[in-house]
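S.K.: Take this structure first; my questions come after.
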Amino acid sequence: MKRKPLFVIAVLTALVMFTSSLALGAPTSLPNKYMNAARIMGDWLVDNIDPALGSWVSPWDTGKTDATTSFHGIKQLAILSDITGDSIYRDAARRVADSWIDKAFIGSRDEIRDWNWAYDNKVGKLDWTDEDYHKVQGGFASGFWAEKDGHAWVRSADTPFCASIVKPVEAFLQFEDEYDDVITVIAGWFSTDLENKRPCSGESSFPAYMTCQAYSDTDGDGFADIDYVHWGSRRQSACMNSRSIPVFLELGMKDEAIGIADWLIDVMWNDEKGRFDAVYDFDTGASFCMKESGDEGCVNAQVASGLLTVYEATGDRKYFDYAITALDWVIDHETAPVVTESGVRVYFTKPAVYGTHQVVTTMAHAYRVTGRANYLVYAIAGADWLMDQMETPFEGYENNPWSVIETLEAMEAVLSLDAVIGAQN
């Protein structure tokens, strides 16, 4: 979506006003509204942990909890606790984390033999050969039900790379050494069955992790069959792989982080479009963005954040240049400013919390790295748009933990800039 001239002028005017006020030494910190919004989101999450599941229910299946929402929420609540000094948020995050470890962590072959799995349109048990169990150990089932089709505690028969591997590590790292034993087991997942988990893309020499590890029993022998498909497609995701970069660096796996960054640049960069593609599809041998989902903006923001992280770790300007090019592409092509009585609001990619929150967090990251005021302005304007959705709920916002957690992450990203703004005055 291209910006209309009026909106360009409005954003530039806001930029001038904001940076001028900073130069004059007026605001040395952010308004309280971002902290207030973060607390509202955090309090909602604490109050809405489902007592049966021990986690947050999926907006699309209220009998189920899913890894994407849950581990994202654990991480953001722990961060909110650090920001506010209020232990209630960390305590709630710990309860949810412990529930997931108890119910969905693939940490013992003997234990998962007794699990009920939802696979092949039925509920049943699965066994594992020693070789195959080694390939799946350390992951989490992508979700679970307290009851499904007359069976208690049924697990989803797949392990998405981001939701069930990367996000759990992100979450557990917020608790210092409390979950080190779990992190150690998860870290082992990254180094097994790499021929299938992390293949090279097509004819290139650059590997990346597959989107999802799926389990079934196609031959009916009672033993699990392992495949690497998600929604019927064999793909590598730019977003999911870029999100793994900070995790690899935290785990001391610097070469793996750099390898993912090189894959993003050498396989996923679309030189004709001047931006990154979203997925590499093994069936077609091509990378592309899914226009029907409007994913170009949020994908390029997530990739930019990953590359900025590698730049910070290595000092290699290549990663910085690609990151800034991708983020500036988002500003030029995927920005929709709205002028309201309260000021300029901006959403990114499409008017959805999902896309906008990812761009806001990357704009904040880019401002911390570069000090460029335009990234600060867009981060603030996007955060303001997200707060507007709290008052006029968008897509079931009030009862949707997914969107609540995403908004919380954006508020925390903006709050992280408080010290940067203060240091400049």
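S.K.: So between D98 and E203, what do we pick up on full extension, going 0.36 nm a residue minus the alpha carbon distance?
M.R.: 33.5 nm
S.K.: On to the next question. Which of rounded, prolate or oblate describes the chain when judged by the alpha-carbon gyration tensor and an a/c cut-off of 1.5?
M.R.: Numbers: a/c = 1.87, a/b = 1.44, b/c = 1.30.
Taking the square roots of the gyration eigenvalues as a ≥ b ≥ c, the chain is prolate.
S.K.: Still on this structure, I have one more. Where in segment 228-253 does the amide nitrogen come within less than 15 Å of the point 7 Å from the Cα of D283, taken along Cα to Cβ?
M.R.: Answer for this model: 228-236.
S.K.: Continuing with the same structure: If I take every Cα pair under 8 Å that is 6 or more residues apart in segment 218-369, average their sequence separation and divide by the length, what percent do I get for the relative contact order?
M.R.: 20
S.K.: Could you list T84, T362, T159, T184 so that the one with the fewest beta carbons within 10 Å of its beta carbon is first and the one with the most is last?
M.R.: The fewest-first ordering by Cβ neighbours comes to T184, T84, T159, T362.
S.K.: Rounded to the nearest 10 degrees, what's the angle between the helix 317-333 long axis and the longest principal axis of the chain, both from Cα atoms, 0 to 90?
M.R.: So the helix axis and the longest Cα principal axis differ by about 70 degrees.
S.K.: Okay, next question. Determine the percent antiparallel among the DSSP beta bridges restricted to segment 108-231, to the nearest 5.
M.R.: Details: 14 of 18 bridges.
Antiparallel bridges make up about 80 percent of those DSSP assigns within segment 108-231.
S.K.: Which of D86, D219, D321 moves the most in a Gaussian network model of the chain with Cα springs under 10 Å?
M.R.: Comparing D86, D219, D321 in a Gaussian network model of the chain, the most mobile one is D219.
S.K.: Right, here's the next one. If you average 1/r across every pair of different Cα atoms in segment 285-374 and take the reciprocal, what Kirkwood value do you get, in Å? All intermediate terms of the calculation are to be shown ahead of the outcome.
M.R.: On the way: mean 1/r = 0.0730 Å⁻¹.
Averaging 1/r across every pair of different Cα atoms and inverting gives 13.7 Å.
S.K.: How much space per residue, in cubic angstrom, does the convex hull of the C-alpha atoms of segment 199-325 take up?
M.R.: 123
S.K.: With contacts defined as alpha carbon pairs under 8 Å and 6 or more residues apart, what's the relative contact order of the chain in percent? Show your work: numbers first, answer last.
M.R.: Details: 736 pairs, mean separation 72.3, N = 425.
About 17 percent, as a whole number.
S.K.: Which of S242, S342, S58 has the fewest other C-beta atoms within 10 Å, and how do the rest follow up to the most?
M.R.: Starting with the residue having the fewest Cβ neighbours, the order is S342, S58, S242.
S.K.: Looking at this model, which pairs from K64/K122; K148/K197; K197/K273; K103/K148 are more than 18 angstrom apart at the alpha-carbon?
M.R.: On the way: K64/K122 16 Å; K148/K197 30 Å; K197/K273 29 Å; K103/K148 15 Å.
Table pairs above 18 Å Cα-Cα are K148/K197; K197/K273.
S.K.: Any idea what angle helix 254-263 forms with the longest principal axis of the chain, computed on alpha-carbon atoms, 0 to 90 degrees, nearest 10?
M.R.: Compared with the principal axis, the helix lies near 80 degrees.
S.K.: By how many degrees, between 0 and 90 and to the nearest 10, does the Cα long axis of helix 87-104 differ from the longest principal axis of the chain?
M.R.: 30
S.K.: Now, a different point. Would you mind pulling out the separation of the Cα centroids of segment 45-105 and segment 113-182, in Å?
M.R.: Distance between centres, Cα-based: 16 Å.
S.K.: What percent do you get for the relative contact order of segment 222-283 when only Cα pairs under 8 Å and 6+ apart count? Can you show the working numbers first?
M.R.: Details: 50 pairs, mean separation 24.9, N = 62.
Taking the mean separation of contacting Cα pairs over the length of segment 222-283, I get 40 percent.
S.K.: What is the distance, in nm, between label points placed 7 Å from the Cα along the Cα-to-Cβ direction at D227 and at D82?
M.R.: In this crude spin-label approximation the distance works out to 4.0 nm.
S.K.: At most 15 other Cβ atoms within 10 Å plus a DSSP loop assignment makes a site exposed; report the longest stretch of the chain without any exposed chymotrypsin sites (Phe, Trp or Tyr not before Pro). Walk me through the numbers on the way to the answer.
M.R.: On the way: sites that count: W60, W231.
For chymotrypsin sites (Phe, Trp or Tyr not before Pro) (loop position, at most 15 other Cβ atoms within 10 Å), the longest site-free span of the chain is 232-425.
S.K.: Reachable lysines from K75, Cα under 16 Å, same-chain residues fewer than 8 places away excluded?
M.R.: Counting by Cα, and skipping residues close in sequence, K75 has these lysines nearby: K167.
S.K.: Within segment 158-223, report the GluC sites (Glu not before Pro) that DSSP leaves as loop and that have at most 14 other Cβ atoms within 10 Å.
M.R.: E176, E178, E203
Just so you know, all these numbers are worked out from the coordinates, no wet-lab data involved. Keep in mind that this is a model prediction, so the values were computed, not measured. Reconstructed Cβ throughout: ideal geometry from the backbone, glycine too, with neighbour counts over all protein chains shown.
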